[in-house]
Structure formats: structure tokens, C-alpha cells
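Before any comments, here is the structure.
The values are calculated or read from the model by the stated rules, or taken from the named source; none is laboratory data. This is a predicted model, so every value here is computed, not measured. Every residue, glycine among them, receives a Cβ derived from its backbone with ideal geometry; neighbour counts consider all protein chains shown.
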Amino acid sequence: MSRRSWISVAASVACFAVLTAGAGQSAEGDPEFTFGEIVDVAPDVLLVVGRDIDLGKGEIDVANALLYKSGTTLVVVDTGGTAEFAGYLDAAAKRLAPFDDVVLISTHGHADHVGNNAWIDTLGVPATHLISTHDLGVMRDQVGYFSSSLGEVLAQDIVDLFGGLDTEAETMRVIESLPLQALTLGGTAWSGWSLLDGDVFVLRTAGHTAGHVVVFLAGPKLLHLGDETTSWYQAFSDGTAAGPAGNLLTLQRAANAVASGAVDLVTDGHTFRVLGGDDAIAFLNRLIGGAVAFDAAVTRILNENPGGLAVPDLVAKVVDAPEMADVPGGPTNPYNYLQMTNKLRELGVIRPVNPTSTTAFPD
Ligand SMILES: [Zn+2]
């Protein structure tokens, strides 16, 4: 492949891949809910529905937000992005009013989850924002963060589609400054941070990003998985081999927690449905199966080509691999290149500086 065509492919792939939209990963079929819909998930729990990226319409992706009233506290999980979505958050908060204070938990620092953080200071009550220290960098410099994988121009263009990001609430605490505790959900062990006398548990997962957390609401037995479910292999694990492994562990623990009855409902950042019981387990198991299949396919192809392969050729072979035939979202998905660079790093394969030179397991 010529350098020119590599660049155009990489750019078009990157457009879709950026900011973790669920495109191509809609394992649950057509979305059940539409953008801005406020869904009654359980008593005192509302899901404010986001959307996928649609560059044809100039629309950036927006993650779902979850609102929960625990006693007299409004708990908000993620704030999406765009001024339009802030209006939907307002409408949802009104439905849970009155409340005495607000706690915002950011699952991670990507723009489509933190774009309206300052909105919590408009609610007229004391408000605190919690986010992992590991994701502060990306929250505060989206363009700088995404430039490393997309290039600065494209990263800026994509971030501009939000029409401005208000990521800074007046009062922010890094979640790691709270005492870390253990939580067992149906025999699965987690660690994280207990809030509101244990009614809300923030669980450390670190698969999708280095600081990613998920949230368990004890009353409704709801597990909000943020972006740990965006794919069967994480495209944005921030260069840590622990990312994909942490993600897989999260999916497995979540499936077990549902199967045991400790979790009744599962929501996430980019699935526009509420899953429970067997549907949730099947969804999680399809992602787990995809991770295993991808691992098997890449490893087999690299071993069959000891002389090395160019990354685009490796991606093409994985797309056609029989292992990938039943993987959710199909074998082609817009994350291919970013996923592959993470996978090569994870497998200990030296990635070529020039994408057209070859890559292989070291001798
Ligand atoms: Zn994300």
C-alpha cells in the first residue's frame, strides 16, 4: 500500500474510531432509545440517552449519562457533551428534584463523557466531581491526548464537533484520595470506593483508559460499565498492557455478577438499551468471545508469517480470519488500526515506525 493510501485509510478509520463511539459494536441490534430520551431504568434512576457519531450529519458521539437519587443526594455518572445534551441533563435532574447536593462520577476522561461537567454547578446545591487521577490529563487536553493516535489536525477537528467542552467543575477530587475498599458482587472481587454509606460503589477497572471506573448502585442493583463494553478489544488503553487484560477481567466479573443475581441491570456508555439477566450475560459473553477470538487470530497470523507483515496486511488478514466470523460487530470495525497497535504492544511484537514496514514476533 502506498504511503498516500495508508494515510487516507488511517484517517478515515480514525474519524470513526475517535472518542469511543459504539459504531460497529452494536451487539444488541437496533438501539431501543433515541438521543435525549430520558429512560426510567428503576425507581430514582434515569438514563439520559446519548448517540453514536455521524460525521455525515456533523454529529459527534455523546455517551449516555445516568442519574440516581440516593437519599437526598443526586448522583450523576458522566455528563456527555454538547449544549443540547446539557439541556437533557437539566430535564432529568428536574425529575429527581429536590436534592441537597450533587456528586458527579466520571467513568473516564474522554470528551464524550466529560463535556458538560461544569453543568453540576448550575444546579444550585453543593456539587463535587470525582474522577481518577489517571484521566485528568485527557480530560483537560483532549486534543493533545488524541493527537498521539490521530494527528493534531484531525484530533482538533473531532473535538471541535462538541462545540466547546466544559470539563471543569468548581469542586473536583481525585477518586484515589478516598479510602480504597473491597467489594464482593456475587462472588466476584472488586476494589473501589464506597459513597453514600455504600449505596453507590465506584469500582476500579482501568481497561478502557488507565483511570476508568464503573459504578454499582446497590439499591437498584445496577452496574454501569461506562466504556468497558465499547468493544471486544480496547482501542484506547493508553499504552498499558494492563488495559485489555483489565477490560477482559471486568467483562468476566460483570457477567458472573449478573449470573449470580448480585446485579440485575446493566447499562453503559454507548449501548442505547438497558440490559438485564440473560440478555446482559449474552452481551458480555459475546464481548469476551470476541477478545479471545481476536487474540487467537492475531497470534496465529503472526506465527504463520515469521518473516513479518505490514500492519495494514495484518489487519486485512484478521478481517478475513475464520476466528472472527462470529464476533459482534463483524470482523470489520472502525477500530481495527488502533486495536491492532494495542494488540501488538500487548503481544510483545515490535511495531514498525513506518506503517508499511513489517512487524513480527521477535526472533
Ligand atoms: Zn471512552
Leading residue by the ranking (farthest from the ligand (Cβ to nearest atom)) among those in segment 108-123 that are over 17 Å from the mean Cα position of the chain (by Cα) and β-branched (Val, Ile, Thr): Thr122
From Pro328, Pro312, residue being modelled with pLDDT under 90 and part of a helix (DSSP H, G or I): Pro312
Criterion violated by Lys69 - all others in (1) more than 16 Å from the ligand (Cβ to nearest atom); (2) part of a helix (DSSP H, G or I) satisfied: (2)
Unique residue being in a strand (DSSP E or B) and surrounded by 20 or more Cβ atoms within 10 Å (Cβ to Cβ) when the list is Val39, Val76: Val76
Filter result for Asp61 (loosely packed, with under 15 Cβ neighbours inside 10 Å, more than 13 Å from Trp119 (Cβ to Cβ) and within 20 Å of the chain's Cα centre (by Cα)): no
Per-region count, segment 66-124, residues on the phi > 0 side of the Ramachandran plot and out of contact with any strand residue (DSSP E or B) (no Cβ under 9 Å at 6 or more places or on another chain): 2
Residues (of a type outside the set (Val, Ile, Thr) and either within 16 Å of the ligand (Cβ to nearest atom) or in a loop (DSSP other than H, G, I, E, B) (or both)) located in segment 79-107: Gly80, Gly81, Phe85, Ala97, Pro98, Phe99, Asp100, Ser106
Any hit, segment 267-277, residues being at pLDDT 95 or above, within 18 Å of Phe294 (Cβ to Cβ), touching a helix residue (DSSP H, G or I) at 6+ places or on another chain (Cβ under 9 Å) and buried (at least 22 other Cβ atoms within 10 Å of the Cβ): no
